[in-house]
Amino acid sequence: MTFDIQKLSQNNAEVIADEWKYPGVYAFYDMTSDPEDYEELLTPSLRKNNYFQVMEDNHLFGFFVVEKASDSNDIVEMGLGIKPELTGKGLGQSFLLETLDYIRKHYSAKTVRLGVVSFNDRAKKVYEKVGFKQTRIYDQPTNGSVYPFIEMKMEL
């Protein structure tokens with residue numbers, strides 16, 4: 001797979017926010033499930049320069065967001081998503097490796113940190129395969145409730 005990473009366009013932000021619908025328990029990741037995430041994704045001033053689209057053959061494959069951690073200059077926090085129709089097909093590892101390579105090249109951080117909802121075993125396996133380690137469990141208010149999340153870190 002050959003990916004092309006660019007700043008997230010407004011059009012693709014709208015597609016992700018309004019059209020990406022995940023099946024079953026993964027509907028948790030629908031942007032419409034969390035008003036704050038939805039607003040941030042759709043509003044250029046809130047997105048800042050932190051959101052990126054990942055294209056494959058000129059088609060939107062996924063996106064990721066990267067921000068410097070508030071507690072350390074050596075850490076960046078990331079979040080990511082793959083187009084719903086492409087999940088569960090063994091493509092996550094290539095996508096994740098490409099995003100991590102981008103972060104290595106464009107950020108001066110030593111560590112990448114992310115949070116994954118505890119029920120998402122599929123994502124946790126992909127993260128662990130590329131070198132992420134679980135560091136703690138915490139409760140995260142989102143989607144109108146509070147959910148257990150697992151923090152994972154990886155040295156770059």
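The values are calculated or read from the model by the stated rules, or taken from the named source; none is laboratory data. Since the structure is predicted, the reported quantities are computational estimates derived from the model, not experimental observations. A quick note on method: Cβ atoms are made from the backbone with ideal geometry, for glycine too, and the neighbour counts reach across all protein chains shown. Note: areas computed on protein heavy atoms with side chains; ligands, DNA, RNA excluded. Shrake-Rupley method; radii C 1.70, N 1.55, O 1.52, S 1.80 Å.
Annotations
- Among the residues of the stretch 1-46, those that are of a type in the set (D, E, K, R) and buried (at least 17 other Cβ atoms within 10 Å of the Cβ) comprise Asp30, Asp34, Asp37, Glu40.
- All conditions in (1) within 15 Å of the chain's Cα centre (by Cα); (2) open to solvent by less than 60 Å² (accessible area, probe 1.4 Å); (3) within 19 Å of Ser9 (Cα to Cα) hold for Ser94, with the sole exception of (3).
- Between Ala17, Ala13, the distinction of being part of a helix (DSSP H, G or I), touching a strand residue (DSSP E or B) at 6+ places or on another chain (Cβ under 8 Å) and more than 21 Å from Val146 (Cβ to Cβ) belongs to Ala13 only.
- For the stretch 48-71, a tally of residues being open to solvent by less than 50 Å² (accessible area, probe 1.4 Å) and of a type in the set (D, E, K, R) returns 1.
- Any hit, the stretch 144-152, residues being among the acidic types (Asp, Glu), within 16 Å of the chain's Cα centre (by Cα) and closer than 16 Å to Glu67 by Cβ: yes
- Scanning the stretch 15-49 for residues that are under 17 Å from Glu85 (Cα atoms), of a type in the set (D, E, K, R) and free of Cβ contacts under 8 Å to residues at least 60 places away in the same chain returns Asp18, Glu19, Asp30.
- Of all residues making up the stretch 99-125, the number that are open to solvent by 60 Å² or more (accessible area, probe 1.4 Å) and of a type in the set (Asp, Glu): 1
- Flag if Tyr127 is over 20 Å from Tyr22 (Cα atoms), free of Cβ contacts under 8 Å to residues at least 40 places away in the same chain and among the aromatic types (Phe, Trp, Tyr): no
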